[in-house]
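Following: one structure in structure tokens, then a few remarks.
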Amino acid sequence: CLFGSAFGALLHQRGWLPLHGSALLGARGAFVLAGPSGIGKSTVAATLHARGLPVFSDDVCAVSLSSDSSPLLHPAYPRLHLCPDVLDEVGVSAETLGPARKIVRKYVVNVDASFPREPALLGTIFLLDSGDLDRSRYEELSGMRKVLAIAANTYRPFYLKPMDRLESHFRQVTAVARSVRLFQVRRPEDLSSLHPLADLILKLEALPMQPA
């Protein structure tokens, strides 16, 4: 509760934009793996972390706007929550790990060794989805589709109205949409797609931002 809903409420109260996703540091700054619960955000993050990418956050990604409205991603806490089958896939033993929550069979994996201590510019958002596919496919979103996708992946959006933040939240989302690339990525549901998906994300993340 503290690392999830309470953390999200504090970020909304502070006037920041919390995104529902896992975040890492890549070739062109920070990037977020967003999407609904159970889509595999932490799983993909663990796969990329095993390749040497530092993890910024898991589940709640704290974004603020700089003085020139550039989105900054802030480091959260140095751990990932992973299912047993994912641990096997990324080569981590569950024997020395503690449970993430009693009611969910996930384990806490510490990533402190490479954990960033300073914020970084947010360059890309990947909106993950799954389906009956033979390989991962992607589409870059633009315009209002990008704005709506970012808004839909805000963490605990039901806090916005009671805090009178609907208008300021829309301004934040619009500012972020102007500064980042957003790719909608659909992947096969089985774990065998993880490494090809990681290859695709690394390729897309390294692409330069197109002029507006």
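The table below lists the values:
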| read-out | value |
| --- | --- |
| Verdict on Val111 being in contact with a helix residue (DSSP H, G or I) (Cβ under 8 Å, 6 or more places away or on another chain), farther than 19 Å from Pro18 by Cβ, aliphatic (A, V, I, L, M) and at pLDDT below 85 | yes |
| Residue in segment 18-30 that is of a type outside the set (Asp, Glu) and at pLDDT below 85 present | no |
| Among the residues listed as Val104, Val147, the single one being of a type in the set (Val, Ile, Thr), over 15 Å from the mean Cα position of the chain (by Cα) and modelled with pLDDT under 85 | Val104 |
| Residue ranges of helices (runs of 4 or more DSSP H) in segment 139-207 with at least 3 members among the small types (Gly, Ala, Ser) | 143-152, 166-179 |
| Test: residue in segment 188-196 that is of a type in the set (A, V, I, L, M, F, W, C), buried (at least 20 other Cβ atoms within 10 Å of the Cβ) and within 22 Å of Leu25 (Cβ to Cβ) | yes |
| Residue under evaluation Leu24, criteria (1) surrounded by fewer than 23 Cβ atoms within 10 Å (Cβ to Cβ); (2) under 18 Å from Leu182 (Cα atoms); (3) touching a strand residue (DSSP E or B) at 6+ places or on another chain (Cβ under 6 Å), criterion not met | (1) |
| Qualifying residue in segment 115-123 (condition: of a type outside the set (D, E, K, R), touching a helix residue (DSSP H, G or I) at 6+ places or on another chain (Cβ under 8 Å), at pLDDT 80 or above and open to solvent by less than 60 Å² (accessible area, probe 1.4 Å)) | yes |
| Which numbered condition Leu73 fails, given (1) at negative phi; (2) at pLDDT below 70 | (2) |
| Segment 23-67 - residue that is in a helix (DSSP H, G or I) and not polar (S, T, N, Q) and, of those, nearest to Ser193 (Cα to Cα) | Val44 |
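Results for (1) open to solvent by less than 10 Å² (accessible area, probe 1.4 Å); (2) of a type in the set (Val, Ile, Thr); (3) under 19 Å from Val44 (Cα atoms), shown as yes or no for each residue.
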position	(1), (2), (3)
Thr154	yes, yes, no
Phe158	no, no, no
Arg165	no, no, no
Lys203	no, no, yes
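The values are calculated or read from the model by the stated rules, or taken from the named source; none is laboratory data. Please read these numbers as outputs of a predicted model, since none were measured by experiment. Positions of Cβ are backbone-derived with ideal geometry, glycine not excepted, and every protein chain shown enters the neighbour counts. Accessible surface areas use protein heavy atoms only, side chains included; no ligands, DNA or RNA. Shrake-Rupley method; radii C 1.70, N 1.55, O 1.52, S 1.80 Å.
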